[in-house]
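The values are calculated or read from the model by the stated rules, or taken from the named source; none is laboratory data. Remember, it's a predicted structure, so these values are computed and weren't measured experimentally. Here the Cβ is made from the backbone with ideal geometry for all residues, glycine too, and neighbour counts use every protein chain on show.
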Amino acid sequence: MKVILCFLTAYRYWCNCAALQSKGKFPAPCDPISLGQLSRVAHLEDATSKLSETKELDWNSVGIRKLDRIDLLITDPQQRGFAKNVVTHLQSNFEAVYGSLVMISPGIYVCTPELCFLQMASEFGFVDLVEFGFELCGGYCLNTQAPIGFTNRIPLSSVERINQYLDRVSAVNAVKRARRALAYVANHSASPRETTFAMLETLPIRVGGYGLKLPIMNHKMELAKRDHWKRMNYYCDMYWPEHKLAVEYSGSLVHGKDSVFPDNERENIIELGGIRVLRIDSQQLSNAESLDLATRRIASYMNKHIKKPSSQVAERRENLRSYLYRWNRAPR
């Protein structure tokens, strides 16, 4: 039996692995960051999905709920068929390279997180693909059943790993779309709200962003030793090292958990390192005028002038903000 899980089914599998491993409940070999330890196949022909064999699978054993939509990869048009909750994806001309598939059980393969991103480049538009990239390379997973709309987990991949994979599959048509979106993705976003603000600030003006440079997300600050601080690590939500500028989010609503230190104490500690700190709260994110003022303030510290937007640009910004700031996001 040979079955390949792909697209969002593969993504859900890796999310399940990462969430369980974050709690210490999943074997280390299934860590998506340690894919080099796993068995892989070099060619898609080595593992071909067969609809007739999906009934034999115990989906729960591979982290997939039975009622979920199941995405299967096929390479032969004759393998297309009809099965409940099963969607087949024909990729007969796909250039399968080392690192595309992982064998998770005898006869069961799953596409790597890097291949998932490439596959979704053919399904998602530009903004959705960037948002998916932040989630893939970040420490959270959308979950409508969670009180705050998401759950924490370890990152599934990184911008660097995805770029390395794309270098090996340059012949695929979706690579250009994937690279275009990946240029606006940062590692280590800790929540959907962090992703939203980063995208609003850095996406190109043509799609409604402000066009600022991509920051480092949740940057570890190297601070001078103070005995009463006990040399604990401090992480800055968004950081532009060349400008010594940091942005901190207020409260637990954005992060999904309370900080070890109060917001004002975090700010004071970071400023002792010679870094200018600006604070953003959820109310500013949800209000177009407040967001614009906050962005102009950030840009001023970068010696960047933001022009007064035309009515068309203002409309694009409002549409993007409304889209990204939606609370009722469906999980991937």
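Brief remarks on what is shown
- The residues of segment 298-309 that are at pLDDT below 95 and loosely packed, with under 12 Cβ neighbours inside 10 Å, listed by number, are ASN303, HIS305, LYS307, LYS308.
- SER170 closer than 16 Å to TYR11 by Cβ, assigned by TED's automatic domain parsing to the domain that holds TYR98 and of a type in the set (Ser, Thr, Tyr): no
- Only one of GLU315, GLU289 that is out of contact with any Cys (no Cβ under 9 Å at 6 or more places or on another chain), charged (D, E, K, R) and either at pLDDT 95 or above or not in a helix (DSSP H, G or I) (or both): GLU315
- Restricted to segment 113-144, and to residues there that are more than 14 Å from the chain's Cα centre (by Cα) and touching a residue at least 12 places away in the same chain (Cβ under 8 Å), the residue that is nearest to LEU324 (Cα to Cα) is THR144.
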